[in-house]
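Here is the structure we will look at.
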Amino acid sequence: MKIAIDGPSGAGKSTMAKKLAAVLGITYLDTGAMYRAIGLKAYREGIATTQEDKLQRLLDNTEINIQYKDGIQKIVLDGEDVSLQIREHYVSKLASDFSAVPIVRLKLVEMQRALANKADCVLDGRDIGTYVLPDADIKFYLTASLEERTERRYAELTARGEKCDKEKIRQDISNRDYNDMHREFAPLKKAEDAIELDTTGLDIETVTSLMIKEIKKVQ
Ligand code: DC
């Protein structure tokens, strides 16, 4: 069973993917974390999105390992656990910018397909249903209002002790949506055969049961 979950930032994709993986006993792969890791490394090395040669060398010399500890995914970048660093707010924009570079996508999509081939899994991202796993058994496209997505991100960042301004978060999310939907290669869009779910005002349990109901239809 392969489950694809796509949608804009803060729509609840990773929360739901984790939940479904736990309920169904399958593997969860957070593909956004991989783009975040590449964005973080490029930033640390002072490489810009336009420096294709340097970026290619970086990609050729980067090892991203996905590990699972007590069901929690850890991202290990060249031997360093960067699971916390990649969640910092500034890394979100880096991930979005570097994800628009075709050589970055080609490398990460190849890894994602290889990982997905190994086991029953749920992948969340922007292009899972349209590009990474076009033959997924079931595809979801999660959305929520910009207002609610801003509130969720704000709560997540402040819970982690990051200082943040709500209006800036709202603007950043809106810019990132635009970036992700308008890039040339594999932009964020709903796959024709995806089930769209607006999670605005819905709690996790309600969305879980809606999704499980749909999954049961194809099992
Ligand atoms: O899901 P996230 O916020 O961690 O993703 C960070 C960025 O990575 C997102 O703005 C766009 C990019 N991304 C992508 O282009 N394709 C994916 N499958 C997952 C993420």
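Assorted remarks:
- Single condition C164 does not satisfy, out of (1) more than 11 Å from the ligand (Cβ to nearest atom); (2) modelled with pLDDT of 95 or more; (3) in contact with a Ser or Thr (Cβ under 9 Å, 6 or more places away or on another chain): (2)
- In summary, helices (runs of 4 or more DSSP H) completely within the range 36-144 and bearing 2 or more residues that are under 21 Å from I26 (Cα atoms) and within 11 Å of the ligand (Cβ to nearest atom) occur at 102-118.
- Assessment of the range 99-113 against the conditions (under 27 Å from I204 (Cβ atoms), among the charged types (D, E, K, R) and under 17 Å from the mean Cα position of the chain (by Cα)) yields no matching residue.
- Just one of the listed residues (K118, K190) is within 27 Å of P102 (Cα to Cα), in contact with a Phe, Trp or Tyr (Cβ under 9 Å, 6 or more places away or on another chain) and of a type in the set (D, E, K, R), and it is K190.
- Applying a threshold of 7 Å to beta carbon distances and a minimum spacing of six or more residues, or different chains, the list of pairs starting in the range 35-49 at a residue that is over 18 Å from D180 (Cα atoms) and of a type in the set (V, I, T) and ending at one that is away from the ligand (no atom under 16 Å from the Cβ) and open to solvent by less than 40 Å² (accessible area, probe 1.4 Å) reads I47/L58.
The values are calculated or read from the model by the stated rules, or taken from the named source; none is laboratory data. Everything numeric here is computed off the predicted structure, so don't read it as measured data. Here the Cβ is made from the backbone with ideal geometry for all residues, glycine too, and neighbour counts use every protein chain on show. Side chains are part of the model used for accessible areas, which takes the heavy atoms of the whole protein and leaves out ligands, DNA and RNA. Shrake-Rupley method; radii C 1.70, N 1.55, O 1.52, S 1.80 Å.
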